[in-house]
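The values are calculated or read from the model by the stated rules, or taken from the named source; none is laboratory data. It should be emphasised that the depicted structure is a prediction, and the values quoted were computed from it without experimental measurement. Every residue, glycine among them, receives a Cβ derived from its backbone with ideal geometry; neighbour counts consider all protein chains shown.
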Amino acid sequence: MTDAPFDPLTALRPWEAPEVTSWGRLPMHAVDRRAGAVSLDGDWRFQLLPAPDAPLGEVWSSSYVPGVWTVQGTDDLPRYLNIRMPFAEFPPEVPAANPTGVYERAVDVPAEWAERRIVLQVGAAESVLLVHVNGRPAGISKDSHLAAEFDLTPVVRPGERATVRLTVVKWSDASHIEDQDHWWHGGITRSVLLYARDALHLADVTVRARRDGDLRVDCRVRDAGGALPEGWYVSGELDGHLLTQDAEFDRTNAEDERVSDFLGEARLRAAVPDVRAWTAETPELYGLTVRLHRADGTVADTSRHRIGFRDVEIDGRDLLVNGERVFIRGVNRHDFHPLTGRTVSYHDMRADLVLLKRFGFNAIRTAHYPNDPALYDLADELGFYVVDEADIESHDHAHEIADDPRYLNAFVDRVSRMVLRDKNHPSVIIWSLGNESDYGANHDAAAGWVRRHDPTRPVQYEGAAKRGWADPGVASDIACPMYAPLEECLAHAMSGTQTKPLIQCEYSHAMGNSNGTLADHWEAIETTPGLQGGFIWEFWDHGILQRVNDGRPAGRGGAGLYDNGVAAPGHRWAYGGDFGETDHDGAFIADGVVFPDRTPKPVMFEHREIAAPVRIDCFRHEGVVLSNHQHFRGLDWLAGEWELSLADGATRTAPAELPDLRPGETAAVPLPFELPEDGGEAWLTLRVTTAGDEPWAPRGTVVCLPQVRLRAAPPVRHTPVPGRPVEVGEDGLLVHPLLTAAPTLSLWRAPTDNDELGGMAARWRDWGLHAPARKVVAVRRDPGRVAVVCDYLCTGGAVRHEQVFTAVEGGLLVEECAELPEALHDVARVGSVFETAAGLNLLEWFGQGPWESYPDREAGAPVGHHSLPVDELFTPYLRPQESGGRHGVRRFTLSAPDATGLAVRLDRPRQVSVTRHRAADLAAVTHHDELVPRAGCVVHIDAAHRGLGTASCGPDTFASYLVAAGVHRWSWTLRVL
């Protein structure tokens, strides 16, 4: 037996050496646009070893690159933890059981690459990458979310076949600073390619393009062979217009003796007249080409970029883009896909951004690492402000690592490489030093590097808030707390001590049925100087498509097995704990504004109206006042249509000519209709759409639906019919031909994620609100009228409930009153619940809709006449919970295909839900594949319904949206169609 050959990469054991961030890795540079690369994506030979120093076996399988092995059939499955590390070792130590993927494939090196520099680029590997080529060590890299490049010229021969081996170690010292709130995976998550360049090459290009048209392009030139040749020079053009060399820069460099034999520096300049400035509303881009020439004028290297002219600055407590204070309507975004885990295609990223654009978002925080490079190209093109965040989060050991000198190099390395890669993107307006890593000297060091290298953008870091939002000496130019209560933000803005823009890096946690009070927050932001917006947590529900029969990820073959947020039969959306792990954080991974298949949740419609570019400010003098709420753009790109909704069911439409308004301007517009004189409720809606094709939306795409009430509803009056019998059993329950369960008092809802994690659900269970004992106190019968008094017995005391059933013209009037004792000071709801016979499959209503809405999340649901099949009313949040509610309902009908059914009219706008599930059904299961729909409908009519809030992570709903103790009254009429 012979010893294995010595391998310096494994001998170094870089997976447990935080001081080692790379070996043999080329310096990071700005991403440019070049042709001729050879893609190495596809199937690679693969082995999954139990540890990085374990010997290779004889049997190889295959694994697709880019991709993670955790969803490709291995026994190392995805795992979800939010804060805690998935192993007990303290940094920088890692467990002995350390899954290690070995990828290998043959590569034909083109013969025409002779005499050129050959580079291997690995887009991203999680978490330590070891590179061998033809059995020889080529390099090491850490940082799971940035590319690593290696010069293979010494180890490959053009015209011959080379064997590339990429070894990826899952757990490392770097894992302790990649403790982010998403799935733990392992693999090569972005594309791998091989390319060739001349030895004389552009090592980097740095663009500074200001809104006044001043353009500066700094070039760094190197020669892989050693010293630079004499006579090289650079040239450039911008959309065909030539740039000039900066002679003053060359002279100063020579005088300062900055010219060396191995590094060349050159600067190109231009003053662009009539420049079209870049903003998120007007993402104007120019094509820049930079060429490196040899002394004889031949081109050695070419670098192409799309650039935008814009300025970012902070003026006092305002963040300015091109001199304008802009609202940041942002979302946090992970690279995620329900089939491939961490790997996202260009098509998927474009779909992400197109969807966000259509729903009024203008900003992205790349939580919590640099995203795929294509995302920044798309943000430049489609128009998004980007907070670019470094791959640093040491959540579980934040305090220890922030000042640990062993991790100093890692902090600076990760932040600086991000800046070097992404600095030429106009969309990037802020650099972020990472997330939830306490605050220490390592952050200050990284911030110092950024401020020296790129003084054109501010730096932010949430953890610096521990020193106070106004402290000028910390490594954050922006006060960017997370989940700060609105009252604290308002108090800070009005304190007179604010020194920085206040833009929350995370707020309004979107877990399950959530995002309550979003409109309240934005009303305060838009009316309070010093408040400028924030980033909702987050874009995706990170549900992985899972086969139910064997519990394995569906993988790449699962395409098409989901639709409208729902997984196909035999599949479900998996969250923490669904892959056999016992230590996990459950459904906390499902906290996005879209479902895993990118289907919008109802909060997206809420945000669309909050961010509406054109709004109806008020109704006055037979007209309405319209306003332009954009920062840079007029209304000429929009078209409009008026819609008048009347209580009697009538709807009228008319074309709308939008006024010529610059940003911030208003104009009075006459009413497009004459109101009928019948006195019924009337609502005017302006349907705003794209007037032409936009890069993110075809012509006719809805942009917003601003609305104003023109006339309130008159009081509801009823005429009793004393001679008509009302049938109520001895148990005090109504007997009705279309009801299978009579209306009773409801005080509970299937707990939302906010209810559970915020502690309310436990309190409601302790009070017994989910199953109170019903005790009949009295039943009084009169001709055409029956009164029933019951006590619902809870641990907090009895709730007295009275129902009066009265025969009236057109049906049955139900008048109800519930008195809650003081001990029951915050319940989920107070209202009626009943169940209908089977066959009533269509709900039509006049009220807010058509999508789901709740008392503190209803701004995006306009009042009108709406209609949906009952099976489409339910919102399939990943963990079943209260859902499907509609706020502000005035009346509704439930009907069968033959138009028979029942109709309900409410005394005033109420919260209503119609689904196939009882609250107990929803609360009893963990996934939707476990639910069995009922044949009939479960109907809730609420006198009061608790707001949603965001208490799973962040503030609860406001006091005004709580259901208080005391007397609650409501009434409704029921008739047969």
Practice problem: Determine the pairs where a residue that is over 19 Å from Ser127 (Cβ atoms), located within the range 97-115, has a partner that is among the aromatic types (Phe, Trp, Tyr) with Cβ atoms under 8 Å apart, the partner being 6 or more residues away or on another chain. | Solution: Glu104/Trp44; Glu104/Phe46; Glu104/Trp60; Arg105/Trp44
Practice problem: Within the range 860-916, count every residue that is free of Cβ contacts under 8 Å to residues at least 60 places away in the same chain and either assigned to a loop (DSSP other than H, G, I, E, B) or in contact with a Cys (Cβ under 8 Å, 6 or more places away or on another chain) (or both). | Solution: 9
Quiz item: What number of residues within the range 559-596 satisfy the criterion of being of a type in the set (Val, Ile, Thr) and assigned to a loop (DSSP other than H, G, I, E, B)?
Solution: 2
Exercise. For the range 739-780, name all the residues that are hydroxyl-bearing (Ser, Thr, Tyr) and over 19 Å from Ala818 (Cβ atoms).
Key: Thr740, Thr752
Quiz prompt | Matching residues, the range 766-810, being in contact with a His (Cβ under 9 Å, 6 or more places away or on another chain), modelled with pLDDT under 95 and not charged (D, E, K, R) | solution = Gly796, Gly810
Practice problem: Filter the range 261-290 for residues that are touching a Leu at 6+ places or on another chain (Cβ under 8 Å) and in a loop (DSSP other than H, G, I, E, B) and give the result. | Solution: Asp261, Phe262, Leu263, Val272, Trp278, Pro283
Quiz prompt | Inter-residue pairs, beta-carbon under 6 Å, first within 18 Å of Gly576 (Cβ to Cβ) and in the range 56-80, second hydroxyl-bearing (Ser, Thr, Tyr) and part of a helix (DSSP H, G or I), 6+ apart | solution = Asp76/Thr70; Leu77/Thr70; Pro78/Thr70
Practice problem: Return the only residue of Glu523, Glu538 being closer than 26 Å to Tyr483 by Cβ and without any contact (Cβ under 8 Å) to a residue 12 or more places away in the chain. | Solution: Glu523
Self-check item: Complete set of residues in the range 561-576 that are on the phi < 0 side of the Ramachandran plot and either surrounded by 17 or more Cβ atoms within 10 Å (Cβ to Cβ) or within 18 Å of the chain's Cα centre (by Cα) (or both)
Solution: Leu561, Tyr562, Val566, Ala567, His571, Arg572, Trp573, Ala574, Tyr575, Gly576
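Listed here are the residues, each with its yes/no results for (1) small (Gly, Ala, Ser); (2) touching a Pro at 6+ places or on another chain (Cβ under 8 Å); (3) within 24 Å of Ala174 (Cβ to Cβ).
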site: His305; (1), (2), (3): no, no, no
site: Asp311; (1), (2), (3): no, no, no
site: Lys357; (1), (2), (3): no, no, no
site: Asn371; (1), (2), (3): no, no, yes
site: Ala390; (1), (2), (3): yes, yes, yes
site: Ile401; (1), (2), (3): no, yes, yes
Self-check item: Only listed residue being buried (at least 24 other Cβ atoms within 10 Å of the Cβ) and of a type in the set (A, V, I, L, M, F, W, C), chosen from Leu878, Leu840, Leu868, Leu873
Solution: Leu878
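Per-residue answers, yes or no, for (1) modelled with pLDDT under 95; (2) touching a Cys at 6+ places or on another chain (Cβ under 8 Å); (3) aliphatic (A, V, I, L, M):
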position: Asp250; (1), (2), (3): yes, no, no
position: Leu268; (1), (2), (3): no, yes, yes
position: Ala271; (1), (2), (3): no, no, yes
position: Glu281; (1), (2), (3): no, no, no
position: Val299; (1), (2), (3): no, no, yes
Self-check item: Filter result for Ala761 (touching a helix residue (DSSP H, G or I) at 6+ places or on another chain (Cβ under 8 Å) and either in contact (Cβ under 8 Å) with a residue 60 or more places away in the chain or polar (S, T, N, Q) (or both))
Solution: no
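Among the residues of the range 751-768, what is the count of those that are surrounded by 24 or more Cβ atoms within 10 Å (Cβ to Cβ) and assigned to a loop (DSSP other than H, G, I, E, B)?
2
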Exercise. Scan the strands (runs of 3 or more DSSP E) fully inside the range 177-244 and keep the ones with 1 or more residues being among the acidic types (Asp, Glu) and either out of contact with any Leu (no Cβ under 7 Å at 6 or more places or on another chain) or crowded, with 16+ Cβ neighbours inside 10 Å (or both).
Key: 200-209, 214-223
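Taking the options Leu356, Leu378, Leu320, name whichever one is in a helix (DSSP H, G or I), without any contact (Cβ under 8 Å) to a residue 40 or more places away in the chain and in the same structural domain as Ile525 (by TED's automatic domain parsing).
Leu378
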Self-check item: Matching residues, the range 529-558, being aromatic (Phe, Trp, Tyr) and part of a strand (DSSP E or B)
Solution: Phe535, Trp540
Practice problem: Please verify whether the range 320-335 includes one or more residues that are touching a helix residue (DSSP H, G or I) at 6+ places or on another chain (Cβ under 7 Å) and within 30 Å of Glu237 (Cα to Cα). | Solution: no
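Looking at Arg417, Arg350, which one is closer than 22 Å to Trp449 by Cα, assigned to a helix (DSSP H, G or I) and of a type in the set (Lys, Arg)?
Result: Arg417 is the single residue among Arg417, Arg350 that is closer than 22 Å to Trp449 by Cα, assigned to a helix (DSSP H, G or I) and of a type in the set (Lys, Arg).
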Quiz item: What do you reckon, is Asp617 at pLDDT below 95 and not in a helix (DSSP H, G or I)?
Solution: yes
Quiz item: How many residues does the range 1-37 contain that are modelled with pLDDT of 95 or more and part of a loop (DSSP other than H, G, I, E, B)?
Solution: 11
Self-check item: Residue match in the range 506-522 (condition: farther than 29 Å from Glu930 by Cα, part of a strand (DSSP E or B) and in the same structural domain as Tyr483 (by TED's automatic domain parsing))
Solution: yes
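Scanning for something outside any loop (DSSP other than H, G, I, E, B), surrounded by fewer than 15 Cβ atoms within 10 Å (Cβ to Cβ) and not aromatic (Phe, Trp, Tyr), does the range 676-693 turn up at least one residue? Spell out the reasoning first.
Residues of the range 676-693 outside any loop (DSSP other than H, G, I, E, B): 682-690.
Still in the running and surrounded by fewer than 15 Cβ atoms within 10 Å (Cβ to Cβ): none.
Checked the range 676-693: no residue is outside any loop (DSSP other than H, G, I, E, B), surrounded by fewer than 15 Cβ atoms within 10 Å (Cβ to Cβ) and not aromatic (Phe, Trp, Tyr).
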Quiz item: surrounded by fewer than 16 Cβ atoms within 10 Å (Cβ to Cβ), basic (Lys, Arg) and modelled with pLDDT under 95: does that describe Arg45?
Solution: no
Self-check item: Residue satisfying condition, being touching an Asp or Glu at 6+ places or on another chain (Cβ under 7 Å) and within 28 Å of Val164 (Cβ to Cβ), within set Leu194, Leu200, Leu228
Solution: Leu200
Quiz item: For Gly330, which of the numbered conditions (1) in the same structural domain as Trp537 (by TED's automatic domain parsing); (2) crowded, with 16+ Cβ neighbours inside 10 Å; (3) more than 22 Å from Asn424 (Cβ to Cβ) fails to hold?
Solution: (3)
Self-check item: Failed criterion for Val603 (all others in (1) assigned to a strand (DSSP E or B); (2) among the β-branched types (Val, Ile, Thr); (3) within 21 Å of Thr875 (Cβ to Cβ) hold)
Solution: (1)
Practice problem: Test Val799 against the stated conditions and say whether it is farther than 18 Å from Leu734 by Cα, more than 40 Å from the chain's Cα centre (by Cα) and surrounded by 18 or more Cβ atoms within 10 Å (Cβ to Cβ). | Solution: yes
